[in-house]
Amino acid sequence: MKESDTKVALVTGANRGIGKEIGRQLAAKGITVIVGARDRDQGMQACDALKAAGHAADFQLIDMAHANSIIEAVKQIKTTHARLDILVNNAGISIDFENDIFSLETEVLQNTLQTNALGPLALCQACIPLMKAQNYGRIVNVASTLGSLAEIVDPQSPYAQVAVPAYRLSKTLLNGITALVAKEVRPYNILVNSACPGWVRTAMGGEQAPLKVQEGADTPVWLATLADDGPTGGFFRERQSIPW
Ligand SMILES: NC(=O)c1ccc[n+]([C@@H]2O[C@H](COP(=O)([O-])OP(=O)(O)OC[C@H]3O[C@@H](n4cnc5c(N)ncnc54)[C@H](OP(=O)(O)O)[C@@H]3O)[C@@H](O)[C@H]2O)c1
């Protein structure tokens, strides 16, 4: 493969958890992986691990809570790589375990929305011109079944007792962003989808979670590497379409 044919992927929150594994699986497919992380040392470590395994990788400082960091990161990627084929908006926080919708504090909601939805939107906005320029792009927004409106209103949902309203709302908004962005970029061979990784054993998922990171990364990686005739504007878990 010529150097210019090598695809470049940015994965946010790729220093640990599901994002780190998404980066590993994409790199194993011969894709150059830009490890996005807000912590330089941890991001560099994850990047070095990919390189030590013989993969092409780079590190990019990016804090999804800060618009300037997002803009600066994409500028640097443009200068260093001159292209971006794949964006995986994986970074996320869940900081409202104790709240229900009535005790939810505005600041908690704002912080969660910023990192989980507004940051990913800003990153889509910054990256799409690079994708349009080459008439190719794959965007995966790592959402959650907890953000599915169909699940929220279903009293029989296995997640009916799970509160985390800020987290849920942030993932509902992220799904809305997926749908709207997908609609706009359809003519440019840019496919945009949301993925739920399932309940995965990470710092966020906890030790009781049934899935390994390898399993949680599967659907995001599948969506990140779709053929041109693949789906767009959808929400997937275990490679199957699920309700918004
Ligand atoms: N685990 C599950 O069961 C599960 C289920 C459904 C959806 N998800 C989603 O999957 C994604 C990954 O979750 P995970 O389980 O791997 O969580 P995790 O282990 O807690 O990792 C979260 C990642 O996001 C990064 N991050 C948080 N805030 C950031 C910011 N402002 N800027 C840049 N990076 C930031 C973290 O960086 P630091 O190391 O610097 O904190 C870390 O790399 C999330 O979007 C989550 O909502 C997870």
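Rule-based calculations on the coordinates, nothing more; no lab input. Keep in mind the model is a prediction, meaning the values are calculated, not measured. Ideal geometry is used to build each Cβ from the backbone, glycine not excepted, and the neighbour counts take in all protein chains shown.
Okay, here's what the table says:
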| quantity | calculated |
| --- | --- |
| Lone unmet requirement of (1) of a type outside the set (F, W, Y); (2) within 11 Å of the ligand (Cβ to nearest atom); (3) under 24 Å from A27 (Cα atoms) for S170 | (3) |
| Spans of helices (runs of 4 or more DSSP H) in region 104-201 with at least 2 residues under 23 Å from K7 (Cβ atoms) and over 14 Å from the mean Cα position of the chain (by Cα) | 119-133, 165-185 |
| Unmet requirement for N193, which otherwise passes all of (1) in contact with a Pro (Cβ under 8 Å, 6 or more places away or on another chain); (2) within 11 Å of the ligand (Cβ to nearest atom) | (2) |
| Options D96, D100, D63: the member that is over 23 Å from K7 (Cβ atoms), surrounded by 14 or more Cβ atoms within 10 Å (Cβ to Cβ) and touching a Pro at 6+ places or on another chain (Cβ under 8 Å) | D96 |
| Test: N68 is surrounded by fewer than 15 Cβ atoms within 10 Å (Cβ to Cβ), within 13 Å of the ligand (Cβ to nearest atom) and more than 19 Å from Y167 (Cβ to Cβ) | yes |
| Whichever residue in region 29-56 is among the small types (G, A, S) and out of contact with any Leu (no Cβ under 9 Å at 6 or more places or on another chain) and, among such residues, is nearest to G205 (Cα to Cα) | A46 |
| Meets criteria (under 15 Å from the mean Cα position of the chain (by Cα) and within 15 Å of the ligand (Cβ to nearest atom)) for P210 | no |
| So A224, is it surrounded by 20 or more Cβ atoms within 10 Å (Cβ to Cβ), out of contact with any helix residue (DSSP H, G or I) (no Cβ under 9 Å at 6 or more places or on another chain), within 20 Å of P120 (Cα to Cα) and hydrophobic (A, V, I, L, M, F, W, C) | no |
| Filtered residues of region 46-65 (kept if in a loop (DSSP other than H, G, I, E, B), hydrophobic (A, V, I, L, M, F, W, C) and within 10 Å of the ligand (Cβ to nearest atom)) | I62, M64, A65 |
| Selection count where residues are within 9 Å of the ligand (Cβ to nearest atom) and assigned to a helix (DSSP H, G or I), scope region 1-45 | 8 |
| Among residues of region 202-215, those that are assigned to a helix (DSSP H, G or I) and free of Cβ contacts under 8 Å to residues at least 60 places away in the same chain, counted | 1 |
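Yes/no per residue for (1) within 17 Å of A14 (Cα to Cα); (2) among the charged types (D, E, K, R):
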| position | (1), (2) |
| --- | --- |
| A49 | yes, no |
| H55 | yes, no |
| D58 | yes, yes |
| I62 | yes, no |
| A67 | no, no |
| Q76 | no, no |
| T79 | no, no |
| L87 | yes, no |
| G92 | yes, no |
